[in-house]
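Trainee: One structure, as structure tokens, below. Some questions next.
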Amino acid sequence: MVNQDIDVIVIGAGIAGLSTAARAAEQGMRVLLVEKMSAIGGSSAMSGGWFAFTGTEEQKAAGVEDSIELFRSDLRKVGAYRNNPALVEAYMENQFETYEWLRAKGVSFGEVEISSGQSAPRGHSTRIREVLQLLHDDFSAHGGETLFDAPVTALHRDAEGRVTGITISDGRQFTAVLGVVIASGGFSRSRELLSVFAPEQLAAIPYGGPGNTGDGLRMAWKLGAGMADMSAISGTYGSHPETTDEQQELLTSYYMGGIIVNVDGRRFVDESLDYKTLGSAVLTQPEALAFQIFDAPVRALSHRGIALKDMDTLEDFGHLPSAPTLEELADTVGIPAGQLVDTIEKYNDAVRGAGADEVGRTNLCNGVGDLRPIETGPFYAYPAKTLMTTTYGGITFTPEGRVTDVDGDIIDGLFAVGEVTGGFHGAAYMTGSSLGKGAVFGRIVAETLVRSYVGAVNG
Ligand SMILES: Cc1cc2nc3c(=O)[nH]c(=O)nc-3n(C[C@H](O)[C@H](O)[C@H](O)COP(=O)(O)OP(=O)(O)OC[C@H]3O[C@@H](n4cnc5c(N)ncnc54)[C@H](O)[C@@H]3O)c2cc1C
């Protein structure tokens, strides 16, 4: 079947595809959203729900001092200045409008927290499944149509090379008047693509949306799309080795005052670094395993239901061993007790100013927060591995969301948004900037399509 009445086809119903589709539909475009699985969500639905925004009501209410300049410089810094400045700028210019647009759709933002790569609290928490449902409901209310269980298998091009449509796995074909948007997420579930682009990450625990096998990346690659940031792909530290997809656990107690030791009881990395860098560091350690060690005051900072900080739920899972003394803790988890005690003593000495820290750590997270000694029992050891949550590298694109080929030329009719794209993050990722990227660039792509729609009508 070849239709003539679709303006835009969007491939994938995570935050990126839903933001694109909802914005395009509310602007009057006829949009077909095509999802591989039987429900919306992808990795977005499994995520912590943190969005990186600045200048918000929530930051003001919490008395947070932040600015576009600081946000920009943090993004550039965490990306080791390898991110494309034009893409970072597009995020800066559109992030506040996106935040307001989400609020207008009924999204409520909760706590504002500091996290990986941020030097001011900029992570805005959400109940992410609700956010996705709100966007999908809004899309449908504006006449948008969704096909589920419909993996896209190919993109079509016309004689001039313009992308005009798609084929799905049952053979059905659809054409789009204005363009096709790839929003199919990353390839955290593809051992094949990981072994090509990030083989060292194969030791990480596979995670992310079950449909995230890099289909969109491959289809764009086949048409000559460029790639960016592929060498920077890293899993996130850390998650219990026996975690399941349903448990969705991830803990960053090291930003709250904990440290990280390997199975020998030794520290090996500055724990204030972003958790992607930590993810790669842990993969180089024996058994690719490391323990987050902390004491009672850090345990008291747990917040049930808040991703990255929820030690209560980890304890319910039986994943958070504790003991009254460090020696007993070491015995419980199988770390040499003498070494662990020695490591903690050295750390506490450095915190109190008696000597340099052995891994050069000076703060809790990304240059911010005072370190505190680990001294008040009970003590805790969270065994954790690197979790391959997200791949982040991918198809090159312009600040308007158009896909570019290996020479940097635009592939006409083809757009990309979300985790399938590369170039925005650079070397590493700031918490909240991936959901943020999906929503911000989703709206941008829709606006680009609206402009071409108006152009087509007027022209
Ligand atoms: C545990 C975890 C915690 C995270 N926490 C955060 C956080 O707090 N903040 C943050 O910013 N980021 C976070 N991330 C990263 C972030 O969630 C993702 O990068 C982001 O949600 C990706 O959005 P997306 O829309 O691009 O892709 P996805 O949400 O993965 O959506 C892609 C969709 O495309 C579909 N699809 C794939 N192939 C096809 C095909 N051939 N045809 C049709 N459909 C297809 C998939 O089934 C999927 O539904 C986290 C990730 C994980 C896994």
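Trainee: Sorted by mean Cβ packing within 10 Å, highest first, what order do the peptides 214-222, 171-179, 189-197 take? The partial results should precede the final answer.
Mentor: Values: 214-222: 22.2, 171-179: 18.6, 189-197: 16.7.
Going from most to least packed, we get 214-222, 171-179, 189-197.
Trainee: Additional query: Which far-off residues, 5 or more places away or on another chain, put their amide H under 5 Å from the one on residue 14, with H placed in the peptide plane?
Mentor: Sorted by chain and number, the residues that satisfy this are 41.
Trainee: Another one. Need one number: the % of Cα-Cα pairs in region 74-191 sitting beyond the 26 Å mark. Write down the numbers at each step before the final one.
Mentor: Details: 3127 of 6903 pairs.
Taking all Cα-Cα pairs of region 74-191, the fraction more than 26 Å apart is 45 percent.
Trainee: What percent do you get for the relative contact order of the chain when only Cα pairs under 8 Å and 6+ apart count? List each step's numbers first, then the result.
Mentor: Numbers: 1114 pairs, mean separation 116.1, N = 459.
Once divided by the residue count of the chain, the mean separation gives 25 percent.
Trainee: Take the alpha-carbon centre of region 136-167, take the same for region 346-416, and report the distance between them in whole Å.
Mentor: Using only Cα atoms to place each centre, the spacing works out to 35 Å.
Trainee: Which peptide among 232-238, 359-365 comes first, and what is the full order, when sorted by highest mean count of other Cβ atoms within 10 Å? Show your work: numbers first, answer last.
Mentor: Details: 232-238: 28.4, 359-365: 17.0.
Ranked from most to least packed, the peptides come out as 232-238, 359-365.
Trainee: Can I ask one more? Give the lysines whose C-alpha is closer than 19 Å to that of residue 77, dropping any in the same chain fewer than 8 places away, or say none.
Mentor: 276, 437
Trainee: Next up: Rounded to whole Å, give me the distance from the Cα center of region 20-52 to that of region 78-126.
Mentor: 18 Å
Trainee: Between beta-carbons, use under 11 Å as the cut-off and find the net charge around residue 234, counting Lys and Arg +1, Asp and Glu -1. Before the final figure, lay out the partial values.
Mentor: Details: positive: 276; negative: 200, 229, 274.
So the surrounding residues net to -2.
Trainee: Under the rule of at least 5 residues apart or a separate chain, name every residue whose amide H is placed under 5 Å from the amide H of residue 251.
Mentor: 238
Trainee: I've got another one for you. Among all the aspartates and glutamates, which ones have a C-alpha under 13 Å from residue 385's C-alpha, if same-chain residues fewer than 8 places away are not counted?
Mentor: In chain and number order, the partners are 242, 249, 287.
Trainee: Helix by helix through the chain, keep the DSSP H runs that span 27 Å or more along the axis on Cα and average at least 0.5 on Kyte-Doolittle, and give those back in order. Provide the component values of the computation, followed by the final result.
Mentor: Values: long enough: 85-104 (29 Å, -0.47); 433-458 (36 Å, 0.59).
What comes out of the filter, once short or polar helices are dropped, is 433-458.
Trainee: May I pose another question? Report the gain in length on full extension from residue 230 to residue 348: 0.36 nm times residue separation, minus Cα-Cα distance, nm rounded to one decimal.
Mentor: Values: separation 118, 0.36 × 118 = 42.48 nm, distance 3.84 nm.
In short, 38.6 nm is gained.
Trainee: What does DSSP give for the chain in terms of the percent of beta bridges that are antiparallel, rounded to the nearest 5?
Mentor: Roughly 65 percent of the DSSP beta bridges within the chain come out antiparallel.
Trainee: Oh, and also: How big is the equivalent ellipsoid of the chain along its three axes, where each semi-axis is √(5λ) from the Cα gyration tensor, reported in whole Å from largest to smallest? Please list the in-between numbers first.
Mentor: On the way: eigenvalues 345, 92, 73 Å².
Rounded to whole Å, the semi-axes are 42, 21, 19.
Trainee: Check which residues have an amide H placed less than 5 Å from residue 115's amide H, if you skip close sequence neighbours.
Mentor: So residue 115 has HN proximity to 122, 123.
Trainee: In addition: Given the peptides 254-264, 77-87, arrange them by the average over their residues of other C-beta atoms within 10 Å, most packed first. Can you show the working numbers first?
Mentor: On the way: 254-264: 22.3, 77-87: 18.6.
In descending order of packing, they fall as 254-264, 77-87.
Trainee: Per residue of region 394-410, what does 6.51 cos²θ - 1.76 cosθ + 1.60 with θ = phi - 60° give for ³J(HN,Hα)? Whole Hz please, x for Gly and Pro, Karplus curve as stated.
Mentor: x, 4, 6, 8, 8, x, 8, x, 7, 6, 10, 8, 4, 8, x, 8, 5
Every number here is computed from the coordinates shown, using simple stated rules; none is lab data. Being a predicted model, the structure only gives us computed values, none of them experimental. Positions of Cβ are backbone-derived with ideal geometry, glycine not excepted, and every protein chain shown enters the neighbour counts.
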